[in-house]
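> Structure provided below as structure tokens; questions to follow.
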Amino acid sequence: MSGGECKESAPEGTARERVWTNARLATLDPAVRAPYGALEQHALAVRGDKIAAITPMAEFARGITDAEIIDIAGKWITPGLIDCHTHLVWGGSRAREWEMRLNGVSYAEIAREGGGILSTVRATRARSEDELFRDTVPRLQALMAEGVTCVEIKSGYGLTEFDEIKMLRVARRMGKFFPIEVSPTLLAAHAVPPEFAGRADDYVGHIIDEILPTVSAEKLAEAVDAFCDHIAFSPAQCERIFRAAKERDLAIKGHVEQLSNQHGAELLASHGAWSADHLEYLDDTGVQALAKAGTVAVLLPGAFYFLREKQKPPVEKLRAAGVPMAVATDLNPGTSPFASIRFAMNLACVLYGLTPEEALAGATREAAKALGRGKRLGTLSVGKQADFLVWDVEHPAEIVCQLGVNPLTERIFRGTSCNPI
Ligand code: NIG
Ligand code: FE
């Protein structure tokens with residue numbers, strides 16, 4: 001199994017500058033007043049793991065130095081793609097349930113019968129940490145092959161202290177073994193486990209008193225998520241978890257307004273959450289609350305598509321209110337089994353009416369904000385981490401439009417060219 005090959009990088013301080021020349025940059029930087037923040041005929045210089053300079057070719061040619069030059073002859077560069085909502089680590093398969101759903105049984109009905117999330121919980125508990133690691137690698141490699149350089153990974157299929165920690169350790173190992181940045185999230189409040197059936201409040205207490213302290217002490221997660229819906233946890237239960245997370249300096253986010261409106265987005269906004277995710281049933285008050293708090297709306301059109309939902313998130317209202325909109329895969333075995341951020345961007349355009357530029361910003365700049373990394377990742381800007389992608393396309397919209405072929409020619413992670421697989 002390969003850990004993803006990277007060019008040997010020179011020790012800090014001794015690195016020669018590397019410059020990608022004759023580039024077309026889709027910077028996604030709002031300071032660049034052009035669609036996609038585009039800069040034609042530019043050079044992008046990297047020193048160490050940072051973007052050191054962005055220069056028009058005419059100026060660059062005059063000041064040539066001892067740099068290594070990579071002439072990309074008019075290809076496009078974008079920031080590295082960021083998948084800010086995934087359930088990447090799981091055991092088993094739910095393809096049988098999908099067949100049932102196609103025959104008319106609903107997601108909520110399957111969940112109530114002990115299927116859905118709980119069937120993945122059984123399969124995940126039965127896998128060792130090493131087995132789960134092996135199960136997860138092909139999914140991660142698929143995302144990396146499309147240009148993902150930062151990925152959020154949730155727990156949530158263990159639902160015991162032991163099994164949630166096992167999942168978070170697998171997430172951490174992904175970031176150690178592969179050239180990708182991992183943002184791990186504790187999602188113990190994903191479903192009420194069988195041991196606590198009918199005692200959701202007790203399980204919430206168990207999360208707060210047992211699971212959260214260990215996860216925080218071992219620094220296994222940087223954020224805490226909760227599924228706020230009629231088939232999962234109530235807003236009051238989620239609030240207890242969010243307060244406990246904040247006491248331990250963990251960020252918060254939530255699966256909210258996916259199947260019904262529980263006012264979870266308002267709750268998240270009132271606690272200064274990083275993001276509110278799904279949002280199909282978000283109402284006007286929820287939109288205003290997100291706008292006021294600067295909480296990112298994470299759109300997950302893969303789950304909407306796969307569940308054949310009818311109710312769409314209020315994209316026009318979010319746009320009008322200036323709420324940052326991120327796009328993510330929600331990669332999971334039940335509602336969004338696609339390891340493709342490009343497919344998620346495509347669905348966001350076709351099903352939700354985002355523009356291709358909004359979709360690309362949603363999987364770069366806005367996704368970085370949704371992971372508390374807006375200052376360090378997400379745009380091509382001097383001083384930011386040098387995570388970027390070289391694409392053999394005529395126009396950046398092609399990255400979102402044409403699926404099934406991969407126009408990615410180079411993936412640079414922290415300043416180093418890393419072959420994704
Ligand atoms: O984001 N909504 C809850 N959680 C996941 C589904 C997980 C599953 O069905 O396994 C989601 O859609
Ligand atoms: Fe999810």
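> For the chain, what is the calculated [θ] at 222 nm in deg cm²/dmol (nearest 500), taking -39500 (n - 2.57) for each run of four or more DSSP H residues and dividing by its residue count?
It lands at -10000 deg cm²/dmol.
> Moving on to the next point. Net charge near V151: determine it from the other residues with C-beta under 9 Å of the C-beta of V151, scoring Lys and Arg +1 and Asp and Glu -1.
Neighbourhood net charge equals -3.
> Sticking with this structure for a sec: Which cross-chain or sequence-distant (5 or more) residues have an amide H under 5 Å from the amide H of H85, H modelled 1.01 Å from N in plane?
The answer is E152, T329, D330.
> How much length would be gained if the chain were fully extended between L351 and A200, taking 0.36 nm per residue of separation minus their Cα-Cα distance, in nm to one decimal?
The span from L351 to A200 would gain 50.9 nm if fully extended.
> Here is a follow-up. Quick one: putting +1 on the C-beta of Lys and Arg, -1 on the C-beta of Asp and Glu, what dipole do you get for the stretch 89-175 around its Cα centre, in Debye to the nearest 20?
80 debye
> Between T295 and residues 5 or more places away or on another chain, which pairs have amide H atoms under 5 Å apart, with H built 1.01 Å from N, and which residues are they?
Residues meeting the criterion, in which the H sits 1.01 Å from N, do not exist here.
> Shifting gears a bit: Scan around A188 for amide H atoms under 5 Å from its own, H built in the peptide plane at 1.01 Å from N, and keep only partners 5 or more places away or cross-chain.
Result for A188 returns D225.
> Could you rank the peptides 226-239, 403-416 by their average count of other C-beta atoms within 10 Å per residue, with the highest value first?
Ranked from most to least packed, the peptides come out as 226-239, 403-416.
> Do you know the Lys pair count in the stretch 81-370 for C-alpha distances under 17 Å, with sequence separation 8 or more or different chains?
12
> Quote the FRET efficiency, to the nearest 0.05, computed for K375 versus E247 with a Förster distance R0 of 25 Å and r equal to the Cβ-Cβ distance. Each step should come with its number before you reach the end.
Values: r = 25 Å, r/R0 = 0.98.
Approximately 0.55, to the nearest 0.05.
> Please sort 379-390, 300-311 by packing, taking for each peptide the average over its residues of neighbouring beta carbons within 10 angstrom, highest first.
Highest to lowest by the protection proxy: 379-390, 300-311.
> If you take every residue apart from S381 with its C-beta less than 11 Å away from the C-beta of S381, what net charge results, scoring Lys and Arg +1 and Asp and Glu -1? Write down the numbers at each step before the final one.
Working: positive: K50, R365, K375, R376, K384; negative: D29.
My count for the surroundings of S381 gives +4.
> In debye, nearest 20, what is the charge dipole magnitude of the chain about its Cα centre with +1 on Lys and Arg Cβ and -1 on Asp and Glu Cβ, if you could check?
Computed charge dipole of the chain: roughly 380 debye.
> Under 14 Å from a point 7 Å along the Cα-to-Cβ line of T214: which residues of the stretch 138-161 have their amide N that close?
Of the residues in the stretch 138-161, 156, 158-161 have backbone N under 14 Å from the label point off T214.
> Can you compute 3J(HN,Hα) from phi for each residue in the stretch 348-355, using the Karplus curve 6.51 cos²θ - 1.76 cosθ + 1.60 with θ = phi - 60°, rounded to whole Hz and x for Gly and Pro?
4, 6, 6, 8, 9, x, 6, 7
> Tell me the label-point distance for the pair E129, Q41, using the 7 Å Cα-to-Cβ offset, in nm and rounded to one decimal.
Distance between the two pseudo-spin positions: 5.6 nm.
> Further question on the same structure: What's the percent breakdown of Cα-Cα distances in the stretch 196-250 across 10 Å bins, shortest bin first?
With 10 Å bins starting at 0, P(r) equals 24, 56, 20, 1.
> Could you tally the net charge around R243, taking each other residue with its Cβ under 15 Å from the Cβ of R243, Lys/Arg +1 and Asp/Glu -1?
-2
> Quote the FRET efficiency, to the nearest 0.05, computed for T285 versus L102 with a Förster distance R0 of 41 Å and r equal to the Cβ-Cβ distance.
So the FRET efficiency works out to roughly 0.70.
> Give me the distance between the Cα centres of the stretch 85-119 and the stretch 160-236, rounded to whole Å.
A separation of 19 Å, based on Cα centres.
> Right, another one. Determine ³J(HN,Hα), in whole Hz, for all residues of the stretch 401-417 in sequence, where each value follows from phi through the Karplus function 6.51 cos²θ - 1.76 cosθ + 1.60 and θ = phi - 60°; x replaces Gly and Pro.
Values per residue, Gly and Pro as x: 7, 9, 9, x, 10, 10, x, 6, 10, 8, 10, 10, 10, 6, x, 10, 6 Hz.
> Moving to a separate point now. Taking 30 Å as R0, compute the FRET efficiency from the Cβ-Cβ separation of I69 and C401 and round it to 0.05.
Working: r = 31 Å, r/R0 = 1.03.
The pair I69/C401 has a calculated efficiency of 0.45.
> Turning to a different aspect of this structure: Once each part is reduced to its C-alpha centroid, what is the distance from the stretch 255-295 to the stretch 18-63 in angstrom?
About 36 Å separates the Cα centre of the stretch 255-295 from the one of the stretch 18-63.
> Let me ask something additional. Percent of Cα-Cα pairs more than 36 Å apart in the chain, please. Write out the running numbers ahead of the final one.
Numbers: 20642 of 88410 pairs.
Cα-Cα pairs in the chain separated by more than 36 Å: 23 percent.
> Ranked from highest to lowest mean number of other Cβ atoms within 10 Å per residue, what is the order of the peptides 144-155, 285-296, 195-206?
144-155, 285-296, 195-206
Each reported figure results from applying straightforward, stated rules to the coordinates on display, with no laboratory input. It should be emphasised that the depicted structure is a prediction, and the values quoted were computed from it without experimental measurement. Every residue, glycine among them, receives a Cβ derived from its backbone with ideal geometry; neighbour counts consider all protein chains shown.
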